[in-house]
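This report concerns only the one structure given below.
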Amino acid sequence: MWGGRFAEGPSAIMREINASIPFDKALWRQDIAASKAHVAMLGACGIVSAEDAKTIDAGLDKVAAEYEVDGVPEDWDLEDIHMTTESRLAELIGPVAGRLHTARSRNDQVATDFRLWVRDAMDQADAGLEALQKALVTRAGEHADAIMPGFTHLQTAQPVTLGHHLMAYYEMIRRDRSRFRDARARMNESPLGSAALAGTGFPIDREMTAQALGFDRPTDNSLDAVSDRDFALDYLQAAAQCSVHLSRLAEEFVIWASQPFGFVRMPDTLSTGSSIMPQKKNPDAAELVRGHAGRIVGCATALLVTMKGLPLAYSKDMQDDKPPVFEAANLLSLSIAAMTGMVADATFRTDRMLQAAQLGYATATDLADWLVREANIPFREAHHITGAAVKLAENKGVALEALSLDELQAIDPRVGEGVYKALSVEASVAARASHGGTAPEQVRKRVAAARGELEMDG
């Protein structure tokens, strides 16, 4: 491959450290597609004969068919997927295969292949996240009225509905999808034709290859085109943010499935047992999603650090760009699928959720609000009065609404009998009817809008 420049071949160490075929063979479909686009352009521009272009194109189809059936062979002497494909092409069609590499370099070749792969990964992530959104919206619609405790600091705060809680994750995933779509639009430029770093002297048509590969346009600077890995970093950073959201949702399921909470029964298909304790039903899928987030964030960090000090244009460090992206994409795909199945198939114990909401003094803020609204008491004073009422209820071991009017008036005589209409968890939830609030009417409104956004039937 290196021609007459070297008198000796690489040492065994150099051969091993230099070879990327064990991982970049994953790019074979993209490499074939880009090569077919390139040779079609070479033929159309008269850079190679029409007959040679046709022969090379047919040969590439044969190589692709072999890869599809047998996989990509790993010959470390050929280093990477590009030389592996070109070598096999030469075996199939002879010396004419050597014309394929006219007006391109492995630098623009790998930049193109990798962009195509990352673009596909973005599309797959978006499709998977759409399925997760649909599962969230469906379950939220089912439980728009189901009351549960809302938490801050994992302490009971105010009652909310389960539908509202699930729709919070819908919003997170909506932002995740927007990040992937933004990144896709930004990266959809073709590096092919930039050659090694300076462009080429051949009269190529970069618009033609860009269009053939589904890019919006060719890149505008050949130096940047072969050395840019922003598209991979954009993907990894979007994946990292998404994995954090998935991890938070997974943690909710881990907590809710525990016996002290008992808010959810996990689907058997996403749980495991214990080798020694027959009663156990462990939320292992959720825990692994939680763990995968750390690895995905690590992948983003790895590539950022790899790229941070590289001068223009291509450096061999950039060969290490693909393993973290491949790893992150695999982990993210698994995590999205696991959480989609979990949301869709879990059984929510709404009776336990309601009981927990009723026992946690979750309507304390409603008492304070009533004092402000009905007794014209400044909120800070109302907050103090309410705190005293909660302390009394706690000492007596009863709910707030179980305190008698005499007991409440002993704390502050301005408390009236109408306060009891505000102290139930049902009244508390119904009162939160501001835009984006937890009131069932607001949840149903947002669910309906989300179904429209997702073009769901019904």
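Its convex hull of Cα atoms gives the chain a direction-averaged projected area, equal to a quarter of the hull surface, of 30.3 nm².
Taking the empirical scaling 2.2 N^0.38 Å for compact globular proteins as reference, the stretch 104-192 has a Cα radius of gyration ratio of 1.62. Take Asp320, project a point 7 Å from its Cα along the Cβ direction, then tell me which residues of the stretch 68-92 have their backbone nitrogen under 19 Å from it. What the label zone holds, given the 19 Å backbone N cut-off, is 80. Extension gain for Val390 to Leu310 (0.36 nm times residue separation, less C-alpha to C-alpha distance): 22.7 nm. Sequence gap at least 6, Cα distance under 8 Å: using those rules, report the relative contact order of the chain to the nearest whole percent. About 17 percent, as a whole number. Ranked by the mean number of other Cβ atoms within 10 Å of their residues, highest first, the peptides 372-384, 91-103 come out as 91-103, 372-384. Return, ordered by residue number, the residues of the stretch 96-115 whose backbone nitrogen is under 18 Å from a label point located 7 Å along Cα→Cβ of Ser49. Label zone hits: 96-102. Each pair of Cα atoms in the stretch 359-454 enters the Kirkwood radius, and Stokes-Einstein at 4 °C and 1.567 mPa s then converts it into a translational diffusion coefficient of 90 µm²/s. Residues whose amide H lies under 5 Å from that of Val160, counting only those 5 or more places away or on a different chain, are Met148, Gly150; hydrogens are built 1.01 Å from N in the peptide plane. If you take the alpha carbon atoms of the stretch 135-250 and fit the smallest convex hull around them, that volume is 120 Å³ per residue.
Here the spin labels are modelled as points 7 Å beyond Cα on the Cα-Cβ line, and at Leu405 and Leu92 they lie 8.9 nm apart.
Listed cross-link partners Lys134/Lys280; Lys25/Lys322; Lys25/Lys62; Lys62/Lys316 are compared with a 21 Å cut-off, the Cα-Cα value being larger for Lys134/Lys280; Lys62/Lys316.
Length gained on full extension, Ala65 to Ala198, computed as 0.36 nm times the residue gap minus the Cα-Cα distance: 44.5 nm. Average accessible surface for the stretch 231-350: 45 Å² per residue, computed with a 1.4 Å probe over protein heavy atoms with every protein chain in place. Seen from Ala328, the other residues with C-beta closer than 13 Å to its C-beta sum to a net charge of -1, counting Lys and Arg as +1 and Asp and Glu as -1. Suppose we look only past 19 Å in the calculated P(r) of the stretch 12-102. What percent of the Cα-Cα pairs does that tail hold? Counting every Cα pair in the stretch 12-102, those more than 19 Å apart make up 39 percent.
All other residues whose Cβ lies under 12 angstrom from that of Leu423 are scored, Lys and Arg at +1 and Asp and Glu at -1, for a net of -4.
Its residues counted as N, the stretch 107-356 yields a C-alpha radius of gyration over 2.2 N^0.38 Å of 1.24. Comparing the stretch 278-399 with the 2.2 N^0.38 Å rule of thumb, its C-alpha radius of gyration ratio is 1.91 (two decimals).
Full extension of the chain segment joining Asp182 with Ser258 gains 23.5 nm, where the gain is 0.36 nm per residue of separation less the Cα-Cα distance.
When Rg and the Kirkwood radius Rh are both evaluated on Cα atoms of the stretch 199-265, their ratio Rg/Rh stands at 1.41. Descending by average beta-carbon neighbour count within 10 Å, the peptides 27-36, 125-134, 415-424 line up as 27-36, 125-134, 415-424, the highest first. With all protein chains present, how much of the accessible area of the chain (probe radius 1.4 Å) comes from carbon and sulfur, to the nearest whole percent? Whole-percent figure for carbon plus sulfur exposure: 52. Peptides 238-246, 193-201, 155-163 ordered by packing proxy, namely the average of other Cβ atoms within 10 Å per residue, highest first: 238-246, 155-163, 193-201.
The values are calculated or read from the model by the stated rules, or taken from the named source; none is laboratory data. If you're wondering where the values come from, they're calculated on a predicted model, not measured in any experiment. Neighbour counts are summed over all protein chains in view; Cβ atoms, including those assigned to glycine, are modelled from backbone coordinates with ideal geometry. These accessible areas exclude ligands, DNA and RNA; they are computed on the full protein's heavy atoms, side chains included. Shrake-Rupley method; radii C 1.70, N 1.55, O 1.52, S 1.80 Å.
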